[in-house]
1. If you scan region 308-336, which residues turn out to be under 22 Å from the mean Cα position of the chain (by Cα) and without any contact (Cβ under 8 Å) to a residue 60 or more places away in the chain?
2. Kindly provide the set of residues from region 254-263 that are surrounded by fewer than 24 Cβ atoms within 10 Å (Cβ to Cβ) and without any contact (Cβ under 8 Å) to a residue 60 or more places away in the chain, ordered by number.
3. For region 39-90, which residues satisfy the criterion of being open to solvent by 50 Å² or more (accessible area, probe 1.4 Å), of a type in the set (D, E, K, R) and in a helix (DSSP H, G or I)?
4. State yes or no: is THR178 at pLDDT 90 or above, under 18 Å from LYS268 (Cβ atoms), surrounded by fewer than 16 Cβ atoms within 10 Å (Cβ to Cβ) and among the hydroxyl-bearing types (Ser, Thr, Tyr)?
5. Pairs please, first residue from region 224-253 and closer than 9 Å to LEU271 by Cα and open to solvent by 30 Å² or more (accessible area, probe 1.4 Å), second anywhere and of a type in the set (Gly, Ala, Ser) and not in a helix (DSSP H, G or I), Cβ atoms under 9 Å, 6+ apart in sequence or on different chains.
6. Given (1) open to solvent by less than 30 Å² (accessible area, probe 1.4 Å); (2) acidic (Asp, Glu); (3) farther than 21 Å from CYS118 by Cβ, where does GLU281 come up short, assuming only one miss?
7. Show the residue pairs meeting these rules: Cβ distance below 8 Å; 6+ apart or different chains; first residue within region 1-16 and without any contact (Cβ under 8 Å) to a residue 40 or more places away in the chain; second residue assigned to a loop (DSSP other than H, G, I, E, B) and open to solvent by 60 Å² or more (accessible area, probe 1.4 Å).
8. Got a number for residues in region 332-358 being of a type in the set (Val, Ile, Thr) and surrounded by 12 or more Cβ atoms within 10 Å (Cβ to Cβ)?
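The values are calculated or read from the model by the stated rules, or taken from the named source; none is laboratory data. Given the structure is predicted, the values throughout are model-derived calculations rather than measurements. A quick note on method: Cβ atoms are made from the backbone with ideal geometry, for glycine too, and the neighbour counts reach across all protein chains shown. Note: accessible area is taken over every heavy atom of the protein model, side chains too, but ligands, DNA and RNA are not part of it. Shrake-Rupley method; radii C 1.70, N 1.55, O 1.52, S 1.80 Å.
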Amino acid sequence: YTEARELCERLGETPQLFPVLWGLARVYDTRGELNMGRELGEQLLASAERSRDPALILEAHHELWANLSHLGEFSAALTHSKRGIELYDPEQHRQHAFLYGGHDPGVCSLRHAAMMLCLLGYPDQALQRSDEALALAQKLSHPNSLAFALYYSAWVHQQRGERQLVQDRLETTMTLATEQGLTRWLHQGNFFQGWLLVQQGKGQEGILKMRRPITVAVRELSYHVTLLAEACKKEGQIDEGLRIVTEELARVQIVGIRFYEAELYRIKGELLLQSGVQNLESRVQEAEACLRQGIEIARGQSAKSLELRAAMSLSRLWQRQGKKQEARTLLSEIYGWFTEGFDTADLKEAKALLQQLS
């Protein structure tokens, strides 16, 4: 891509420059060099808007919604994905899957909107967008776009706590990926299947499956590490869970990938509370600091769903310490913000905890 860019610059104004810069931006993003990707994305958008070409404007937004979501700028990423949904025309843009990223931009805009809505605290709207992405992918007859939609449909259902639907989507994803030789989805689906085994009480088998080498972009590691650390906590492998989550948090600080940072802090806090009894008071203080950090990060990102989880963890700690009023105040404030998704696992759990704190 760098060589192609140099050739384009030698030629002067050439239409080949846009897809070259787009591809280069995605390389930076995949390697976790998100600021470089963002800079190129903004350059692409400025260039596309000058050209007034809707196809190029769509793809500039495509780069930015992907980039900004991993930087933790969820509201901005949602804005770009909504613009992509508005611009996308399946007849005009269906060939983009063969030019930009190997998947359909309409499917991607819908699934990214679903993910951002989920994190921002709109789980029902997220489910609607996810279903729309899947319906569009099924019409396109493009296997990688369909695998894309299926896998991230499983992701949305996992966030909503709908385990059976996660399993159903994953089975379909793995069947398609096996038939078509789609290695990325085989690896990521295999990891997710390990997570399901842990939830089904097959902890050791599940963790072994989750530990297999996984081909995943650097920008997506935090999500996988969080699920693995949570599985370690569930199985009593506290030291191992602490090790991997602490290493990932250190990496996050260096590379600036903020997508799941709030959850990393929450899981670290939970693990610290289950760790050994040595210096128990200092461990509890460290755990509380992690949970507070998780809340603060989630608030800064307007990630209400992640804030709710961290608030529940801190509320339970305060409940054990006899600070029921403080716990109820903290939890009721974030729970009261929600206007939808009351049948999802997190909100049902929060409601039950609030009743205990009454």
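1. Step one: list which residues in region 308-336 are under 22 Å from the mean Cα position of the chain (by Cα), which gives 308-313, 334-335.
Of everything in region 308-336, those that are under 22 Å from the mean Cα position of the chain (by Cα) and without any contact (Cβ under 8 Å) to a residue 60 or more places away in the chain turn out to be ARG309, ALA310, ALA311, MET312, SER313, ILE334, TYR335.
2. Matches in region 254-263: ILE254 only.
3. Within region 39-90, GLU39, GLU42, GLU49, ARG50, LYS82, ARG83, GLU86 qualify.
4. Values: at pLDDT 90 or above: yes; under 18 Å from LYS268 (Cβ atoms): no; surrounded by fewer than 16 Cβ atoms within 10 Å (Cβ to Cβ): yes; among the hydroxyl-bearing types (Ser, Thr, Tyr): yes.
When the stated conditions are applied, THR178 does not pass them.
5. These pairs meet every condition: ASP239/SER275; ASP239/GLY276.
6. (1)
7. Listed by first residue and then by second, the contacts come to ALA4/GLN16; CYS8/GLN16.
8. Kept after step one, since they are of a type in the set (Val, Ile, Thr), are these residues of region 332-358: 334, 339, 344.
Remaining after also requiring surrounded by 12 or more Cβ atoms within 10 Å (Cβ to Cβ): 334, 344.
Counting residues in region 332-358 that are of a type in the set (Val, Ile, Thr) and surrounded by 12 or more Cβ atoms within 10 Å (Cβ to Cβ) gives 2.
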